[in-house]
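The structure appears below as structure tokens.
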Amino acid sequence: MKCIEDEIPFDLPKGWAWARLRTIVFDLPYGTSKKSSSNGKIAVLRMGNLQNGEIDYSDLVYSSDEEDIKKYFLIKGDLLFNRTNSIELVGKTSIYRGDIPAIYAGYLIRIRSSLNSGYLNTVMNSSYAREYCASVRTDAVNQSNINSTKLGDFLVPVPSRLEQKRIDEKISESIKVIDIVEQEKLDLQLIVTNAKSKILDFAIRGKLVPQDSNDEPASVLLERIRAEKEKLIKQGKIKRVQKESVIFKGEDNSYYRDIPKNWELCSILNIAEVELGKTLDKGKNTGKFYPYLRSINIKWNDIDLSDLKQMRFESEEIERYSVQKNDLLICEGGDVGRCCVWKDEPILYQNALHRVRFYGSCNPYFFMYTLMLLESIGYLKSISNGVTIKHLTKSVLSTIQFPLPPLAEQKRIVEAIESAFAQLDHIINCIS
């Protein structure tokens, strides 16, 4: 007999008792270490198959080794324990319910007493058990481990057999309800995603808000932008874009075929200056260090400034590579097209981002939402260059046809989108 009073983690109800895991199970044997294959006589359950207390059979490997099949064959009610893996996965336990014949690769917890296997599985997946595993594991680089001695020392709270059964049944009922709720959340999130996409679809077709005959037509806006650009060209502030073209409504583009009469179709180069940021080259860059934006900082309609890097910029580069309020920032590589509107004081940026600075007071949010729709339907990836890593180059970006509503309608559309999105986000937040 040994006094364990100093080890008891919490008080138990009357009639309960503590038992070390090794006293109520067999020797905590480790399973097969032989190589598995994509086919064979029997399934091999690995650490990746342990999911939320149950076995996931969606990604199985197999063995035909007769010695292993005889030695490591599982029986209904066995628990599988993840003894070695990354820190967050060590200690995961799942119950084998006999769904398919299988052997295991990992620690086996096979009960040799009258303990209810479902109840023990609940204990092993509790925060109490996870905290114990965290306290006794040994950590190495990218790998953690719990040996059988430490696992065997684990103190299990043991109620009566009838109460174990009741707890197991109650937990099973609760998990079923939780699974239903989680699936309904996923279903609702899909509905919200589809609703947002439909809202954006209506928006860029001119069907989200009514047209106002008093609005200045987009054709007049385009003419004013052309005049504004000509003036800047003459002043030497911008260069003439050789590839700029005017897109007419008569051109074949079914996606925008039904836009309102007072709208126009245009290229981004018709209405904005598009420039990439500075290239990061530690060997060549000189000047003072300044924080700058990378593609990782750009989210959809959001900015993450928690991880800003610094790069050298010469004083004459500051204006060229600065982002100003109302500039649209678009990711050139990776998740191509992901974009947001800059709202704060000027900041510098690198060449993984397009800086789009609009003429004629065009609303940058309208074009951000247009890109959001084109990304959701897969259009941006389909036109981008690259196989493994996609790139939305300036020349590719210039081929995208943008609908151009009157300025006043751009504002009304953006307000309508943001109001609808806020309500949909509120619904999601209520169920989170």
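In the range 183-231, the convex hull through the Cα atoms has an average projected area of 5.3 nm², a quarter of its surface area. Computed from the alpha carbon atoms alone, the convex hull of the range 274-334 holds 104 Å³ per residue.
With the convex hull drawn around the C-alpha atoms of the range 1-154, the volume per residue stands at 128 Å³.
Between Ala17 and Ser432, the modelled label-to-label distance comes to 4.8 nm, taking each label 7 Å out from Cα in the direction of the beta carbon.
Once you have the Cα-Cα distance between Ser127 and Lys381, take 0.36 nm times their residue separation minus that, and quote the gain in nm to one decimal. Please list the in-between numbers first.
Numbers: separation 254, 0.36 × 254 = 91.44 nm, distance 4.27 nm.
Taking Ser127 through Lys381 to full extension adds about 87.2 nm, to one decimal.
Legend: helices of the chain (whole DSSP H runs) are marked when their alpha-carbon atoms reach 30 angstrom or more along the helix axis and their mean Kyte-Doolittle hydropathy is at least 0.0; marked are 407-431. Scaling the Cα radius of gyration of the range 1-58 by the globular reference 2.2 N^0.38 Å produces a ratio of 1.80.
Figure note: Tyr30, Tyr96 ranked by solvent-accessible area, largest first, 1.4 Å probe, ligands and nucleic acids not counted: Tyr30, Tyr96.
When only the heavy atoms of the protein chains count and the probe is 1.4 Å, how do Ser384, Ser419 rank by accessible area, highest first? Don't jump to the answer; show the numbers that get you there.
On the way: Ser384 10, Ser419 60 Å².
Solvent-accessible surface, decreasing: Ser419, Ser384.
Excluding residues on the same chain fewer than 8 positions from Lys411, give the lysines whose Cα lies under 20 Å from its Cα. Once the sequence-local lysines are set aside, what remains near Lys411 is Lys196, Lys198, Lys207, Lys261, Lys325, Lys343. Counting only protein chain heavy atoms and rolling a 1.4 Å probe, the accessible areas of Thr388, Thr393 rank, largest first, as Thr388, Thr393. Given R0 = 22 Å, the distance between the Cβ atoms of Lys198 and Gln401 translates into a calculated FRET efficiency of 0.60.
When each pair of different Cα atoms in the range 81-240 is counted once in the 1/r mean, what is the Kirkwood radius in angstroms, to one decimal? Walk me through the numbers before you get to the answer.
On the way: mean 1/r = 0.0448 Å⁻¹.
For the range 81-240, inverting the mean 1/r across all distinct Cα pairs yields 22.3 Å.
In summary, the convex hull built on the alpha carbon positions of the range 84-172 has an orientation-averaged projected area of 6.6 nm².
Once the Cα gyration tensor of the chain is diagonalised, what are the square roots of 5 times its eigenvalues, in whole Å and ordered largest first, as equivalent ellipsoid semi-axes? Spell out each step's value before the answer.
Working: eigenvalues 733, 133, 93 Å².
The three semi-axes for the chain are 61, 26, 22 Å.
Given a 1.4 Å probe and the protein chains as shown, Trp263 ends up with an accessible area of around 0 Å². Annotation: the range 319-358 has a Kirkwood hydrodynamic radius of 10.2 angstrom, from the mean reciprocal C-alpha pair distance. Its Cα gyration tensor gives the range 152-209 an equivalent ellipsoid; the semi-axes, largest first and in whole Å, are 50, 12, 5.
Over every Cα atom in the range 126-184, the radius of gyration and the widest Cα-Cα span, Dmax, amount to 16.2, 44 Å. The range 133-196 and the range 399-420 have Cα centres spaced 46 Å apart. Among Thr122, Thr149, Thr370, the largest mean-square fluctuation in a Gaussian network model of the chain, built with springs joining Cα atoms closer than 10 Å, belongs to Thr149. Take the Cα of Asn301, step 7 Å toward its Cβ, do the same at Leu188, and the gap between the two points is 1.9 nm. The distance from the alpha carbon centre of the range 286-310 to that of the range 323-346 is 10 Å, rounded to a whole number. Cross-link reach is defined here as a Cα-Cα straight distance under 16 Å, omitting same-chain residues fewer than 8 places apart; for Lys394 the lysines meeting it are Lys239, Lys243, Lys278, Lys381. Once you treat every alpha carbon in the range 310-395 as an equal point and sum by Debye, what is log10 I(q)/I(0) at q = 0.12, 0.17, 0.23 Å⁻¹? Ignoring solvent entirely, the Cα scatterers give -0.39, -0.75, -1.15.
The values are calculated or read from the model by the stated rules, or taken from the named source; none is laboratory data. All values derive from a computational prediction rather than experimental measurement. Cβ atoms come from the backbone with ideal geometry, glycine included; neighbour counts cover every protein chain shown. Heavy atoms of the whole protein, side chains included, go into the accessibility calculation; ligands, DNA and RNA do not. Shrake-Rupley method; radii C 1.70, N 1.55, O 1.52, S 1.80 Å.
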